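Inspection log for the structure reproduced underneath, given as structure tokens.
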Ligand code: AHR
């Protein structure tokens, strides 16, 4: 082991203090171990037939007065393209296990109107179906991730859908697709075998689900000609037994396993608390709950290691984000919530955690894309507003498919009452001769200075620096004031040789590009 590696390892476990470390806050980049890639799919999204995510949010139909391109909102497409969205999950969520895909193809006027039983009991007219989704993915340059109906569907329904979407042969479903206006198959990479099968996807036990996974996976492979990454339905948060049972019984029959974890500020699903009306106590507890993602991934990953030590099977966090009470006055069941500076910090620190676990975490899909839960964009009629979370996705996109640089972060605590969390979070990656560093200050009351040790990097300049902060922890962007929380040019740093010193204002996130 080289001396530098040894020092790094010892300092990580607290047995060695780097000489000359004057600041209490120090992040050291370990270039010697920069071997893994941050899969761009960690920056994935999720769009469900829920509330106003699809309808109003993405799709208004070609006859709408709202400016659109073949039915997709023009403003939303432009904003989403900016994010380099790598992968998009659809049609649910809970909706997926009630969805029968044939309802959503063919002439729109012939498509049946059905009831969306899970989400508000509204009438779903199926005007957004398979073609509309897969064409959207092509427009965005995103890989489609289709969740198939295991809860109330059949294997037959799934394999017909697979043929419809992906076959270029003279077979009935591919021919029906051609009749419906699409000659070439789409390139569908990811197939979810059920969603939350332990809950809204069928209330199954992991033993029973494992058998279904084996069965659906076999035919998905056969009809999909082994093109798909088949994603097994994973655990509800900390249900480690689910992971253990599914891995022990069906590891060979999947190409990835998912997990869902939502941040609930109160820790109480029955009383989640407001997205905007909160003080420091709920700010702190929301961050604390979201940082739990680190332990959650470590524990699921350790279980997966038992059955898959080579890490062939990635973990896909295909639903995550903060879930609050819906906005007062919004339709119950639509899960429409505002998005604050607090949520930007949740997004940034969660990405830091995903990067840290990039050996196992190969995809994540924030819930959800537009108008639902921790959304990128909110819409009202023909208006739209970009949320603080959108800005984090934009600032962090530099890390997509970059080489992860492991970091050792020693920092002060942020204390509230009797509890503490780290005051700072950070991550680093390199791509195209540039190093990108992202840093967050979680403390809402004090600025923090951090020294970043870049030894071995041969850097000359900070070539770009951007900050996201806001007047208050609960500042939001509204239709009236859309730019309260928006990225600004940042200059409070100093680079001297291989030492970078950065001062972060309270509740802020900074991304620096260094060459
Ligand atoms: O994202 C909202 C819902 O949360 C999804 O439909 C479901 O999978 C989860 O419980």
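Values in this text are rule-based calculations from the coordinates and carry no lab data. Bear in mind the structure is a predicted one, so any value in this text is a computation, not a measurement. Quick reminder, even Gly has a Cβ in these numbers, built from the backbone with ideal geometry, and neighbours come from all protein chains shown.
Using the Kirkwood formula on the Cα atoms of region 429-490, what hydrodynamic radius do you get, in angstrom to one decimal? Walk me through the intermediate numbers first.
Details: mean 1/r = 0.0689 Å⁻¹.
After inverting the mean inverse Cα-Cα distance, the result is 14.5 Å.
DSSP beta bridges in region 40-404, what fraction antiparallel, as a percent rounded to 5? Present the calculation step by step, with values, prior to reporting the outcome.
Details: 9 of 42 bridges.
Taking every DSSP beta bridge with both residues in region 40-404, the antiparallel ones total about 20 percent.
For the residues 143, 63, 97, 381, what sequence is obtained by ranking on other C-beta atoms within 10 Å, fewest first? All intermediate terms of the calculation are to be shown ahead of the outcome.
On the way: 143 20, 63 7, 97 25, 381 10.
Fewest-to-most Cβ neighbours within 10 Å comes out as 63, 381, 143, 97.
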*So, in nm, how far is label residue 330 from label residue 135 when the simple model puts each one 7 Å beyond its Cα toward the Cβ?*
2.8
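What is the fewest-to-most order of 293, 408, 369 by other Cβ atoms lying within 10 Å of their Cβ?
Working: 293 25, 408 17, 369 29.
Fewest-to-most Cβ neighbours within 10 Å comes out as 408, 293, 369.
First measure r as the distance between the Cβ atoms of residue 277 and residue 183, then evaluate 1/(1 + (r/R0)^6) with R0 = 60 Å and state the FRET efficiency to the nearest 0.05. Before the final figure, lay out the partial values.
Working: r = 53 Å, r/R0 = 0.88.
That pair, residue 277 with residue 183, gives E of 0.70.
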*State, to one decimal in nm², a quarter of the convex hull surface area for the C-alpha atoms of the chain, i.e. the direction-averaged projected area.*
23.8
*Please state the equivalent ellipsoid semi-axes for region 251-303: what are the square roots of 5 times the Cα gyration tensor eigenvalues, largest first, in whole Å?*
30, 12, 8
*Can you pull a Stokes-Einstein diffusion coefficient for region 302-431 at 10 °C (1.306 mPa s), Rh from Kirkwood over Cα pairs, as a whole number of µm²/s?*
94
*Pop a pseudo-label 7 angstrom from the Cα along the beta-carbon direction at both residue 412 and residue 446 and give the gap in nm to one decimal.*
0.2
*Arrange the following residues from fewest to most other Cβ atoms within 10 Å of their Cβ: 284, 31.*
31, 284
*Using the alpha-carbon atoms, what tilt in degrees (0 to 90, nearest 10) does helix 206-223 show relative to the longest principal axis of the chain?*
70
_Helix 293-307 against the longest principal axis of the chain: what's the angle in degrees, Cα atoms only, rounded to the nearest 10?_
70
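Rounded if a/c is under 1.5, else prolate if a/b beats b/c, else oblate: with a ≥ b ≥ c from the C-alpha gyration tensor eigenvalues square-rooted, which is region 368-470?
Working: a/c = 2.36, a/b = 1.26, b/c = 1.88.
Oblate.
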_If I fit a long axis through the Cα atoms of helix 3-12 and take the longest principal axis of the Cα atoms of the chain, what angle between them do I get, 0 to 90°, rounded to 10?_
80
*How big is the gap, in Å, between the Cα center of region 351-430 and the Cα center of region 288-328?*
14
*For region 184-310, just say rounded, prolate or oblate: build the C-alpha gyration tensor, square-root its eigenvalues into a ≥ b ≥ c, call rounded for a/c under 1.5, and beyond that prolate if a/b exceeds b/c, oblate if not.*
prolate
*Just how far, in whole angstrom, is region 125-164 from region 23-56 if you go by their alpha carbon centroids?*
25
